[in-house]
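Below is one structure, written out as structure tokens, with a few remarks after it.
The values are calculated or read from the model by the stated rules, or taken from the named source; none is laboratory data. Values in this document were obtained by computation on a predicted structure and should not be read as measured data. For accessibility, only protein heavy atoms count, side chains too; no ligands or nucleic acids. Shrake-Rupley method; radii C 1.70, N 1.55, O 1.52, S 1.80 Å.
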Amino acid sequence: MLAPDGGGGAEGFAGAALGIAAMEQNYVNLKGAVDSGQVSITPDAATNAAKACRDQKSSFVAMQGQAQSLAQHAQSLNMGACAEGASMRNTFREKAQGAPNSAYDLFAKAVEIMENMAKTYEAAGKMYHETDQTNAQALKGKM
């Protein structure tokens, strides 16, 4: 999943960044389907789906914390008193936290997507419930 890169940035996480982009596209598709009424999900199923998203979000939050700890640890690595050692130490730190598409940043994006998906599932469940209530009222009026 980690592609080799030719520099000291976080480009090695390009594969992970693509995975995050795919997650975001799945969220956009879900939101569009829910907003347009193409998705019908019972409130219980919506609650379960939202919980699964938040459970995954919690895992990403933990991994984000680990990336931050790794970045802090990288600062104290003894890589030698030479330019190459300092560069390598900086590269480790940047890949963990600091550069665009660092592990920390990618986990932060995943956290946001999972929370947005959870809210979207909850909205879908609420819409189902409201439609059910509206239909029940309409049927009572006809009886």
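Cross-link reach is defined here as a Cα-Cα straight distance under 19 Å, omitting same-chain residues fewer than 8 places apart; for Lys51 the aspartates and glutamates meeting it are Glu24, Glu112, Glu115, Glu122. The helix-based estimate of mean residue ellipticity at 222 nm for the chain, built from -39,500 (n - 2.57) per DSSP H run of four or more residues and divided by its residue count, is -27500 deg cm²/dmol to the nearest 500. For the chain, the solvent-accessible area works out to 62 Å² per residue, with a probe of 1.4 Å and every protein chain left in place.
Note on P(r) over Cα pairs in 10 Å bins from 0, in percent: of the candidates [x] 12, 45, 35, 9, 0; [y] 10, 32, 19, 7, 7, 8, 7, 6, 3, 1; [z] 12, 29, 23, 16, 10, 6, 3, 1, 0, the value calculated from this structure sits at [z]. For the chain, carbon and sulfur atoms together expose 56% of the accessible surface, with a 1.4 angstrom probe and every protein chain in place. If you build a Gaussian network model of the chain, linking Cα atoms that sit under 10 Å apart, which residue out of Ser76, Ser102, Ser59 swings the most? The residue that fluctuates most here is Ser76. Remark: the Thr42-Ser87 segment gains 10.8 nm on full extension, using 0.36 nm per residue and subtracting the alpha carbon distance. Dividing the mean sequence gap of close Cα pairs (under 8 Å, 6+ apart) by how many residues the chain holds gives a relative contact order of 36 percent.
Legend: distances between Cα atoms for Lys95/Lys119; Lys31/Lys57; Lys119/Lys140; pairs beyond 24 Å are Lys95/Lys119; Lys119/Lys140.
For the stretch 71-119, what value does the Rg/Rh ratio take when both radii are computed over Cα atoms and Rh is the Kirkwood radius, given to two decimals? Here Rg/Rh amounts to 1.23.
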